[in-house]
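The values are calculated or read from the model by the stated rules, or taken from the named source; none is laboratory data. Since the structure is predicted, the reported quantities are computational estimates derived from the model, not experimental observations. Here the Cβ positions follow ideal geometry from the backbone for every residue, glycine too, while neighbour counts run over all protein chains shown.
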């Protein structure tokens, strides 16, 4: 990373100045105020302020400042307001960052994103850093977060087995399940948890669930084995949920259709469930032009 640090990772040198600028400006400011404060205070030459990336054509200085701000948000030194005002957190007010510390912050987040994508394999940090830097050169933070960060499914697939089981229990609570009991440590016949769903004031539905972190297709025999456990379990239940980050074969889906007690939840549906209750995810609003609306004004004279 030494070579890259002297070159493409130069954006990290703005971490400290952004915090300094905000302190000098009273704790909050518009981006342009911060650009101007840094440019004037550090006597940044015009050729640097007006330099553009060769590939994207965008101005390098404001883009680097914007990316530096994003890392400071992740570090909880700036708040994540989306109203065009950057503001210090209480931690940010008290924090001073030199360039070495800024570089360590950058590497920390490189490793965080890599571990979430690659099952905690940190052998190729340099390669991951180059990829992130390339993304940053080609786009602004708000337009490339989805490229930089792992998808929700990637995050779920790379949780620990126990962590995934407890998270599934948390998700069920969001859907009004009660009496969640995680049984992973007791190895209760392949059942990872029990829960109760209150259908109405008179009727409760007893459920147990099994959680499988897969990146491919869950073998159909695993589904059949789950049914076997469901039928022979010492605790009487009305429904069995088999939750996976992978997918199910057509044969498994046919089995589900013929068994009223079986519910298969694949990775796609699981992501939708997280999004519906906004658990661990942040919704984003994307505005697109309504061409039908603007068409009436296109040729107006």
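The figures follow:
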item	result
Some residue of region 88-96 being within 26 Å of the chain's Cα centre (by Cα), free of Cβ contacts under 8 Å to residues at least 12 places away in the same chain and surrounded by fewer than 12 Cβ atoms within 10 Å (Cβ to Cβ)	yes
Filter result for the condition that a residue is crowded, with 16+ Cβ neighbours inside 10 Å and either outside the structural domain of residue 198 (by TED's automatic domain parsing) or farther than 16 Å from residue 164 by Cβ (or both), over 270, 253, 242, 264	264
Residue, nearest to residue 88 (Cα to Cα), within region 52-76, restricted to residues that are out of contact with any strand residue (DSSP E or B) (no Cβ under 7 Å at 6 or more places or on another chain) and in a loop (DSSP other than H, G, I, E, B)	76
